[in-house]
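Working notes, structure below.
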Amino acid sequence: YQPAFARLGDVHMLAGQAAKSIRYGERALALDPSLEMTRRNLIGSYVDLGDMAAARQLIDDEGIAASPRQLSVLLREGSWQQAGEVAHASLAHGTVSSTIESATNVAAIRMHARTTGDFARAQAALEEASGVRWDEAGHAILPQEGSPLRDAAIGLADVLLVSGQQERGRDLLTRILTLMQREID
């Protein structure tokens, strides 16, 4: 039963049980090769284990030059510019399909900006992805809804800090931490 195998693979991945996660994910993918999320999770698991050959075998992009499937491999290899271009394209086309992929995209965009110096592009992409806006005084306005992990907003703060926008970056981080503390309380 493919949905059970896929879900068990996800559960074991989140629990840090790579071997079980891979076993269930491979069984689910064997039953239904179109399971994109399962395929991407397996690629990430193989990359985490350092089995790049198995990860590349699962990428099998059928001629797609910049597939989001490649991101974890590109990041592991340190191909920051290519990873960033894939991440920007993924955000633009709405092909980010999970919280884990969101974190991977943010990492790729951050590293691309650090490598190329194109902080404005990273800032624009991460503002859109995070929903962060700025008031007239230049203070961050965070969306009240969204992921509690806030990967894109934290990535945006990093990009602001690295690009020399210290005040904005610190303001954003302070607001993220304040909101997280309120959610905990």
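Taken together, the values in this text are just the output of simple stated rules run on the coordinates, not laboratory data. Quick caveat, the model's predicted, so the values are computed rather than measured. Positions of Cβ are generated from backbone atoms using ideal geometry, with glycine treated the same way; all protein chains shown enter the neighbour counts.
Work out, step by step, the length gained on full extension between Gln144 and Gln81: first 0.36 nm times the residue separation, then minus their alpha carbon distance; give nm to one decimal.
On the way: separation 63, 0.36 × 63 = 22.68 nm, distance 3.23 nm.
Result: 19.5 nm gained on full extension.
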task: Report, to the nearest 10°, how far helix 36-49 tilts away from the longest principal axis of the Cα atoms in the chain, using its own Cα long axis and a range of 0 to 90°.
output: 90
- request: Along Cα→Cβ, 7 Å out, is where each label goes; now give me the distance between the ones at Leu31 and Glu136 in nm to one decimal.
  value: 5.9
message: Give me the one-decimal nm value for the distance between modelled label points at Met180 and Arg56, 7 Å along each residue's Cα-to-Cβ direction.
response: 3.7
